[in-house]
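What follows is a short report on a single structure.
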Amino acid sequence: MNYLEKLQNVSVLGAAGKMGSGILLLTAVEMADQSLLPENKDKHFVLNAMDVSSEALQGLMRYLKTQVTKIAEKKTILLRKLYADRSDLIENFEIIDEYVFHVLSLVRPTVRLESTYDSNIIFEAIKEDPALKVKIFSQIKNNNPNNPWFFTNTSSIPISNLDKDAELDGKIIGFHFYNPPAVQKLVELIKGEKTLTEVEEFALAYAKNLRKIIVPSNDFAGFIGNGHFMRDALHGIKEVEKLSANNSFAKSIYMINKVSQDFLVRPMGIFQLVDYVGIDVCQYIMSVMNPYLENENLHSELLDKMMELGVKGGQYSSGAQKDGFLKYEKGRPVAIYDINKKEYVAISEFSDQADKELGKLPQSYVPWKATLRMKNKNEVFEKYFAELNSMDTLGAKLAKEYNASSNKIGKQLVADKVAANEQDVNTVMLTGFFHAYGPINNYLQ
């Protein structure tokens, strides 16, 4: 069965979720574009959007309509060619409306898993729970006569384990989109020990059509992205524990968050990133990874305490940030949770003193956003970090230690053969986490 035949009946599990909705959108547009080609006009396409919440599915359809409209508006020239045989479509808005209708007509919202029993491809974006994934994969496999292929969006669970436990005989591959899938260019591709060649070939063709950047990761718990991120977060947590000996907890969080964002020129501080992903999600990912690690304990008592106190972070369905280590107003941090006081403390109460203790940023400092379109980025960073390297302030010291740790984590991923090379590690962090430079660098000595 070729690419097009496989694509004619697809299901997305967890379709109304943060990741699933993006995967569904990308797949719906790809299916629609394929179906509009002259040679495919007689072919029938079905995309099952399966989720446990019927209410969430209603929101999903509104989301799809909005996003597909935006996509259509950006490619009206192409759509005019695809609809060249439609003399009734004259104005751009008519073509756009027709395309939106066509894409949405392919989607079948459902709360019934049985709807997946005719699909050739199953995209899975459900809870990061190995037992739950295996249960659902097994049920589909045992009731679907088409021998479907499973594309799991897991960011931490070894693919070979899912394959073995669900008895999928190699019909599974890790296809890890980054959030949000419709925007993020990166996909980590993870083959299990028995992943079939034809499954990988389809995955590569699908990724190419979506214009995604593929980085292969070996089948090791956490893969490249979370392999680096979880350890990077633990370093930040350990630094907070050290600072807390002479500072309040909230002030310590502020200082490390500032160092990891401003001094290291990242899009957000490490604790903002943990909040974005979700404290609960980070805690769970570590628990999934930990059993597979030797001579390493990937666990944080601080995350446990935050969970016990009901502080979880994450995002609302609207995309707005929930409060976690930091409290947010209009997307901006305004306070930090103090686990000792069990309440949020306004950043304004200690930021001036904390900034003074950290010391000034180098004069050559350039904010992260300003680096995005720089053509001479390497020269800028060499100058900036050379200056930082010559400084002996607390902020500079913490930044050097943080960068050294990040560098070590990246190189260890290569040494452990999780990543094939240093460039792959850097590509994941540059593309998937929007870092301005890769963790494996020579900027700080």
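Yes or no, residue by residue, for (1) in the same structural domain as Asp85 (by TED's automatic domain parsing); (2) touching an Asp or Glu at 6+ places or on another chain (Cβ under 9 Å); (3) hydroxyl-bearing (Ser, Thr, Tyr); (4) surrounded by fewer than 24 Cβ atoms within 10 Å (Cβ to Cβ):
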{"residue": "Asn9", "(1), (2), (3), (4)": "yes, yes, no, yes"}
{"residue": "Leu13", "(1), (2), (3), (4)": "yes, yes, no, no"}
{"residue": "Val29", "(1), (2), (3), (4)": "yes, no, no, yes"}
{"residue": "Gln34", "(1), (2), (3), (4)": "yes, no, no, yes"}
{"residue": "Glu39", "(1), (2), (3), (4)": "yes, no, no, yes"}
{"residue": "Val46", "(1), (2), (3), (4)": "yes, yes, no, yes"}
{"residue": "Met50", "(1), (2), (3), (4)": "yes, no, no, no"}
{"residue": "Gln58", "(1), (2), (3), (4)": "yes, no, no, yes"}
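Considering only residues in the stretch 108-126 that are surrounded by fewer than 17 Cβ atoms within 10 Å (Cβ to Cβ) and in contact with a helix residue (DSSP H, G or I) (Cβ under 8 Å, 6 or more places away or on another chain), the one that is nearest to Leu189 (Cα to Cα) turns out to be Leu113.
Only one entry of Ile270, Ile253, Ile285 meets the criterion of being touching a residue at least 40 places away in the same chain (Cβ under 8 Å), among the hydrophobic types (A, V, I, L, M, F, W, C), under 28 Å from Met19 (Cα atoms) and buried (at least 21 other Cβ atoms within 10 Å of the Cβ), and that entry is Ile285. The single condition among (1) at pLDDT below 95; (2) closer than 19 Å to Asn9 by Cα that Glu124 does not satisfy is (1). The set of residues in the stretch 434-445 that are farther than 13 Å from Gly227 by Cβ and either part of a helix (DSSP H, G or I) or of a type outside the set (A, V, I, L, M, F, W, C) (or both) comprises His435, Tyr437, Gly438, Asn441, Asn442, Tyr443, Gln445.
Look at Ile159 and say whether it is closer than 24 Å to Lys6 by Cβ, in contact with a Gly (Cβ under 7 Å, 6 or more places away or on another chain), modelled with pLDDT of 95 or more and β-branched (Val, Ile, Thr). Yes; evaluated as a whole, the condition is true for this residue.
Here Asn153 passes the criteria (1) over 24 Å from the mean Cα position of the chain (by Cα); (2) of a type in the set (S, T, N, Q); (3) over 12 Å from Ser11 (Cβ atoms) except the one numbered (1). The set of residues in the stretch 140-162 being closer than 21 Å to Phe220 by Cα, without any contact (Cβ under 8 Å) to a residue 60 or more places away in the chain and in a helix (DSSP H, G or I) consists of Ser160, Asn161, Leu162. With respect to Ile253, determine if the residue is of a type outside the set (S, T, N, Q), within 24 Å of the chain's Cα centre (by Cα) and assigned to a helix (DSSP H, G or I). Against the criterion (of a type outside the set (S, T, N, Q), within 24 Å of the chain's Cα centre (by Cα) and assigned to a helix (DSSP H, G or I)), Ile253 qualifies. With the checklist (1) touching a Ser or Thr at 6+ places or on another chain (Cβ under 9 Å); (2) more than 28 Å from Lys127 (Cβ to Cβ); (3) of a type in the set (Gly, Ala, Ser) in hand, flag the one item Ser11 doesn't pass. Every condition holds for Ser11 apart from (2). Of all the criteria given as (1) more than 16 Å from Val10 (Cβ to Cβ); (2) of a type outside the set (D, E, K, R); (3) touching a Gly at 6+ places or on another chain (Cβ under 8 Å), the one not satisfied by Pro130 is (3). For the stretch 260-284, a residue qualifies if it is under 18 Å from Met429 (Cα atoms), in a helix (DSSP H, G or I) and not charged (D, E, K, R), and the qualifying residues are Ser260, Gln261, Phe263, Ile270, Phe271, Gln272, Leu273, Val274, Tyr276, Val277, Cys282.
Screening the stretch 38-135 for helices (runs of 4 or more DSSP H) wholly inside it with 3 or more residues that are touching a strand residue (DSSP E or B) at 6+ places or on another chain (Cβ under 8 Å) and closer than 17 Å to Gly22 by Cα returns the ranges 54-74. Residues that are in contact (Cβ under 8 Å) with a residue 40 or more places away in the chain, within 25 Å of Glu296 (Cβ to Cβ) and not acidic (Asp, Glu) within the stretch 231-250 comprise Arg231, Ala233, Leu234, His235, Gly236, Ile237, Val240, listed in sequence order.
Being polar (S, T, N, Q) and outside any loop (DSSP other than H, G, I, E, B) is the filter; apply it to the stretch 307-324 and report the residue that is modelled with the lowest pLDDT. Result: Gln315.
Picking from residues in the stretch 211-235 that are assigned to a loop (DSSP other than H, G, I, E, B) and out of contact with any strand residue (DSSP E or B) (no Cβ under 8 Å at 6 or more places or on another chain), the one that is surrounded by the most Cβ atoms within 10 Å (Cβ to Cβ) is Gly222. The numbered conditions (1) modelled with pLDDT under 95; (2) under 24 Å from the mean Cα position of the chain (by Cα); (3) not acidic (Asp, Glu) are all true for Leu37 except (2). Here Val199 meets each of (1) in a helix (DSSP H, G or I); (2) closer than 20 Å to Ala32 by Cβ with one exception, condition (2). Looking across the stretch 15-25 at every residue that is in contact with a strand residue (DSSP E or B) (Cβ under 8 Å, 6 or more places away or on another chain) and under 17 Å from Lys212 (Cβ atoms), the one that is surrounded by the most Cβ atoms within 10 Å (Cβ to Cβ) is identified as Leu24.
The sole residue among Ser53, Ser21, Ser35, Ser11 that is touching a Leu at 6+ places or on another chain (Cβ under 6 Å) and polar (S, T, N, Q) is Ser21.
The values are calculated or read from the model by the stated rules, or taken from the named source; none is laboratory data. In this text, all values refer to a predicted model and were calculated from it rather than measured experimentally. Glycine also receives a Cβ, built like all others from the backbone with ideal geometry; neighbour counts cover every protein chain displayed.
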